[in-house]
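*Asks:* First the structure, then my questions, so here it is.
Since every read-out is calculated from the coordinates, none of them should be taken as a lab result. This one's a predicted model, so the numbers in the text were calculated from it and none came from an experiment. Cβ: placed from backbone, ideal geometry, glycine included. Neighbour counts: every protein chain shown.
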Amino acid sequence: MGSLLEQLLRNLGWTSSLPLLRLFDVGLVLILTYMLLVIIGERRTLWMVRGLIILMLASALSGVLGLTLLTFVLEKLVIGSAVAMAFILQAEFRRLLEQLGRGEMLQLFYPYKRTTPKPDSVIDEIVDAVKELSQNRTGALLILETDRPVDERDFSVPGVRINAEVSKELLQTIFQTSTLLHDGAVFIRGSRVVSAGVILPISDRTASRQLGTRHRAAMGITERVENCVCVVVSEETGSISLAERGNLNRPLTSSKLRELLSERFSPSVDPEAVAPLRNLGRQIGTRLRGLPSRFLKSPTSREKK
């Protein structure tokens, strides 16, 4: 495509525009790289993307230097790494395609606002409620939003709005079999119970017969939505499970659940690492603003220094 544009510009006599075309090409690559870094929120995944970018740069540099064998090896490594990352980052790519399909182009250039990590008091309320429900063998399903806002359109039925502070008593009351909302899930964002009676998509994966509908729903929503975890209490056995990215961690004790939730909701992402190009732009802008003052200084003042 680039050669066709260059040929067209030469035919029109606009050879002076060729450097601008190359700059435009580089700019598009930088924009695409920025979008990928914004979409990906976890630090470990960011390092993987940066490693792939380094491989691509090394492949391009070896091609410029004429290192044929090294270029061949690096190109194969880039292709293999890209295919592997397509599987690893399938949730991020899915969100990218969804936003493109919805026409939400501008949102791709802004990092998601991170939710405030849950204070220990909120985790204690959740764990205490789950412990009581487990001892009474009362079935329960809780969706806990993690590092990015959950799109409620991913739920089969969004449920009934509650918008109340998380408390042990509220959670126990919702899941009592005499209430109308006990069959659905409770959606928790930060320290607020957003809604109850939420119906979730069921996982299509083959699972043990010991797992009920709540477990399959927890697996289904965490397969579809990566930025949430689900706590499940079995109605039959009272066992506690934690679902994340389609995988169930079970059975758990209440102390182990508290430990896992504390680790999961501790601040682990550096917001400055999510948008490195924006930070680089800020640094360049700050230095450029300081250049005029440096040049305007008189030579005598420099000598005094």
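*Asks:* Where Rh is the Kirkwood radius over the Cα pairs of the stretch 119-167, the temperature 10 °C and the viscosity 1.306 mPa s, what D in µm²/s does Stokes-Einstein return? Please list the in-between numbers first.
*Replies:* Working: Rh = 12.9 Å.
For the chosen part, D equals 123 µm²/s.
*Asks:* Give the value in nm², to one decimal: projected area of the alpha carbon convex hull of the stretch 176-229, averaged over all directions.
*Replies:* Values: hull surface 18.1 nm².
That works out to 4.5 nm².
*Asks:* First measure r as the distance between the Cβ atoms of residue 206 and residue 179, then evaluate 1/(1 + (r/R0)^6) with R0 = 41 Å and state the FRET efficiency to the nearest 0.05.
*Replies:* Numbers: r = 32 Å, r/R0 = 0.79.
Using R0 = 41 Å, I get an efficiency of 0.80.
*Asks:* Need the full-extension length gain, residue 165 to residue 64, defined as separation in residues times 0.36 nm minus the C-alpha distance. One decimal, nm.
*Replies:* 30.3 nm
*Asks:* Under a crude label model (7 Å from the Cα following the beta-carbon direction), how far is residue 97 from residue 50 in nanometres?
*Replies:* Going from the residue 97 label point to the residue 50 one covers 2.9 nm.
*Asks:* Please work out the FRET efficiency for the pair residue 121 and residue 30, using the Cβ-Cβ distance as r and a Förster radius of 45 Å; give the result to the nearest 0.05.
*Replies:* It comes to 0.55.
*Asks:* To check my understanding: the extent here is largest minus smallest coordinate of the Cα atoms along each principal axis. What are those three numbers for the stretch 230-269, in Å, largest first?
*Replies:* 38, 22, 11
*Asks:* Sticking with this structure for a sec: Grab the Cα-Cα distance for residue 259 and residue 245, subtract it from 0.36 nm times how many residues apart they are, and report the gain in nm with one decimal.
*Replies:* Extending this stretch completely gives an extra 3.2 nm.
*Asks:* Here's something else I'd like to know. Provide the net charge surrounding residue 162, with neighbours chosen by a C-beta distance below 12 Å and charges set as Lys +1, Arg +1, Asp -1, Glu -1.
*Replies:* +2
*Asks:* Still on this structure: If you take every residue apart from residue 129 with its C-beta less than 11 Å away from the C-beta of residue 129, what net charge results, scoring Lys and Arg +1 and Asp and Glu -1?
*Replies:* For residues surrounding residue 129, the net value is -3.
*Asks:* Given a Förster distance of 35 Å, report the FRET efficiency between residue 84 and residue 153 from their Cβ-Cβ distance, rounded to the nearest 0.05.
*Replies:* 0.75
*Asks:* Here's a follow-up. Would you mind putting 152-161, 61-70 in packing order, based on average other-beta-carbon counts within 10 Å, highest first?
*Replies:* 152-161, 61-70
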